[in-house]
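Read through the structure below, which is laid out as structure tokens, and then see the notes.
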Amino acid sequence: MVRRYMLLAVIFLFLCVNVTLAQTSGLTVPSYWQNQRGSILHLNGMDAAGHVVGQYTNKAQGYPCQATYPLVGWIYDNGITFTVAWVNDTESCNSLTSWTGHYNNGAITTQWLLVNNSSGVITKGEDIFGPCSEADASKSKPKSPNSK
Ligand code: BTN
């Protein structure tokens, strides 16, 4: 009986280790990233299944909703996908963007689709994110209405 429990425990540990290895391939969470448009991707937390949460600060020229919005997504091995609904307490663009890509050589290379619910238009593009420090990320974050 004891042996059976020990065997089950070993199998359980083996599965845990494999699941953990499958989900990380150098992309660590929490981490900050900046794309070529100046926008900040903050990957804040990830659970054992690879479900990731964080915040996205849009700084891209020519786009509205220049503020910080929540994001949800998944990381699996070196693949990543995340989505932002451009709605927060102060501003809504009635739109969503989903990025999908992979982490390689220290950068996250993605393609994105932006759907605008008002116009029905879907725009696509590419964003490449390089690592940045928390200090750099907060420098380029728009200030909230209450901050000085
Ligand atoms: C909108 O235009 O409806 C909301 C803002 C969208 C910002 C886009 S998402 C893809 C691209 N990458 C960025 O960092 N910002 C723009």
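The values are calculated or read from the model by the stated rules, or taken from the named source; none is laboratory data. Every value quoted in this text rests on a predicted model; they were computed, and no experiment measured them. For neighbour counting, all protein chains shown are included, and Cβ atoms are generated from backbone atoms with ideal geometry for every residue, glycine included. Side chains included, ligands, DNA and RNA excluded: accessible areas come from the protein's heavy atoms. Shrake-Rupley method; radii C 1.70, N 1.55, O 1.52, S 1.80 Å.
Numbers for the structure displayed
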| quantity | calculated |
| --- | --- |
| Any hit, the stretch 10-30, residues being of a type outside the set (A, V, I, L, M), modelled with pLDDT of 95 or more and in contact with a His (Cβ under 7 Å, 6 or more places away or on another chain) | no |
| Hits in the stretch 90-110 - residues which are near the ligand (Cβ under 10 Å from one of its atoms) and open to solvent by 40 Å² or more (accessible area, probe 1.4 Å) | Glu91, Ser92, Asn94, Leu96, Ser98 |
| Condition met for Glu91 (at pLDDT below 95 and more than 24 Å from Asp47 (Cα to Cα)) | yes |
| Lone unmet requirement of (1) of a type outside the set (Ser, Thr, Tyr); (2) open to solvent by 40 Å² or more (accessible area, probe 1.4 Å); (3) more than 15 Å from Asn35 (Cβ to Cβ); (4) out of contact with any Lys or Arg (no Cβ under 6 Å at 6 or more places or on another chain) for Leu113 | (4) |
